[in-house]
Every structure is written in C-alpha cells, then in structure tokens.
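Have a look at the structure below, then the notes.
Values quoted throughout were computed directly from the atomic coordinates according to the rules given, and no laboratory measurement underlies them. Values in this document were obtained by computation on a predicted structure and should not be read as measured data. Counting neighbours? That spans all protein chains shown, and the Cβs are built from the backbone with ideal geometry, glycine included.
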Amino acid sequence: MKNILLTIAYDGSRFHGWQRQPSAVTVQGFLEQTMSRLFRREIRLEGTSRTDAGVHALGQRATMRTDIGIPTDRLARVVNNALCGREEGSYAVSPVRILRAEEKPEGFHARFDASGKKYIYRMSPARPDVFRRNYVYFTAQKQAGAGLDISAMQQAAEALKGTHDFKSFESAGGNPRLTTVRTIFDARVIPAAEALEKGSASRLGLQPDEVLFEVSGDGFLYNMVRIITGTLVEIGQGKRAPEEMKEMIEAADRTVAGHTAPPYGLYLAEVYYGEKTHGQQTQLG
C-alpha cells in the first residue's frame, strides 16, 4: 500500500470549498470521484486545509493511501488527463490540477504533519474588473475613489507577527478549537510589482493595480486571514489607525476587528513540512 502526498492547485470559484459534502460539488469530492472512476476503486483524500467556498489554492496538500499499480511519477499526468476529460470542449482545462505526487512513509499525514501554511490575498483599489471578479477583492467598489495606504497597512501587519491570541479574528461557526493562540511567522502588505520581483506570486497573473497581503503561520482560525485582510483594508482606507491592530489583538473580541473580506481574493499558497521555514520562497509547480 502506497502513501502518496499530492500537491494540488485549484480555482475555487465553482466549488463549495475543499471538504466533501453529500449535496454540493467540492474540490475533495470532485477529485475523489474522478480518481475512483479512473482507478476503479475507492479513493479517499485527506487534505491539509479545508478552504471555504470560493477560496483558491496554489499548493493545497492531500495524502491518499492506495494500491494502484501506476508509478507515482506518472500519477499527476494521468489524473490531470482524466480531470480535463470531464470538461466540455476539446481544449478544456480543468479547474483542478495535480502539480506533484510523491511517496511518503506509512504514517505521514498531509494535515497532522504540516508545520505551517502560507496564504496570499489579492486586493485592488481600482475600478472592478469583470474578468477578475472571482479572483480579486476590489476594495473601492462600495466607496468610490478610496485608495489603499500600503505603508499604514504594513505598519499594522507588523503587529500580527509572533505568538498571540487571535480570537478577535475568528468567525463563529467553525470547528471548536482548543485554543485561539497562533504564531504568525511573517506578515507583509506589498504592491504586485514587488511580489513579482520576489517570485512569490508569479503564477497569479497579477495586474499593476493590485496589492497583496502575504501571511504565514503555524495555523489559522476560521476566517482568520479574511478578517485580518478586511481590517487591513479599513486601515488602508483611513477608517482605522495602524496602531489599532495591536489593541484589537489584545481585546480578544471579534466585534472590535474589521469586516470579513470576501473569499474569492484568498489563495492557499503553500503548506510547510518538517524543518522547512516560512522564509524560503518557492516556485510551486
């Protein structure tokens, strides 16, 4: 029996999140159904992050235990062909793609062995673009002409670094947590041009008007990145002072933080394992 770790990219705009559901199309369910038909046996995946509806991934990870005979180094190509075969049109591209498949020891688990994650959030103060509506949060849509003060946002993001109780940035409705304390390795707000120079978001098709929030940590609460992003947007628009971020963290009260940014600007960028550090920049896929 092989224990295989998959690295998966997907466009979350047509899915009801990652986790399988009996009456909705999800990324996990879509992949399991495709592979079960392909290999003529039940395939079950254990993913690292249960991304919400509309959230995308550049580097989701999932493990699968299987006795299929196909060599692991050919698995991604075979599954990707099957995924494309489910789409209409001779040149169709699937919204889900296996980037990499690698064998792991028997006891390895994609979720429980992960040491951290990195998320990227795309936003723009420009006029809404119909062709990017599912991938970028256009922050000025409800407030015409409201730009973003990147310097103020970055000042606020600095307060996130380190180990804190992030209860102020957790939505109700998620799975109960033993603790709301998390460690943020790094948090930065940067223009798209700077992100492209560093190579940290080269696969996103960024436009010059965009601003990115990149954050990495040992774990994240339900909607934590989206609430932090919404708070940063309010700071960038001058509705709040950068110094308030520290006060919000200390309050441990959801009502003092900003709005929850929409899901479609959020990307699970990377999952860390072992001794790999958050500071390493990688080119996924």
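Neighbour counting of Cβ atoms within 10 Å sorts the residues L206, L75, fewest neighbours leading, into L206, L75. The label-point distance for V181 and S151, in a model that sets each label 7 Å from Cα toward Cβ, rounds to 3.6 nm.
Charges on Cβ only, +1 for Lys and Arg, -1 for Asp and Glu, centred on the Cα centroid of the chain; of V96, G69, T260, which one is farthest towards the dipole's positive end? Checking the options against the dipole of the chain, the answer is G69. A protection proxy built from the mean count of other Cβ atoms within 10 Å ranks the segments 5-12, 18-25, most packed first, as 5-12, 18-25.
Other residues whose C-beta falls under 12 angstrom from the C-beta of T26 contribute a net charge of +1, scoring Lys and Arg +1 and Asp and Glu -1. For the chain, leaving out every one of the GluC sites (Glu not before Pro) that falls in a DSSP loop and has at most 10 other Cβ atoms within 10 Å, the longest unbroken run is 107-274. Charge dipole (Cα centre; +1 on Lys/Arg Cβ, -1 on Asp/Glu Cβ; no other charges) of the chain amounts to roughly 900 debye. Across the chain, C-alpha contacts under 8 Å between residues 6 or more apart give a mean separation that, scaled by the residue count, equals a relative contact order of 24 percent.
Close Lys pairs in region 115-273 (alpha-carbon distance under 24 Å; sequence gap of 8 or more, or different chains): 14. Couplings for region 19-27, taken from phi via the Karplus curve 6.51 cos²θ - 1.76 cosθ + 1.60 with θ = phi - 60°, read 5, 4, 9, x, 10, 9, 7, 10, 5 Hz in order; Gly and Pro are left as x.
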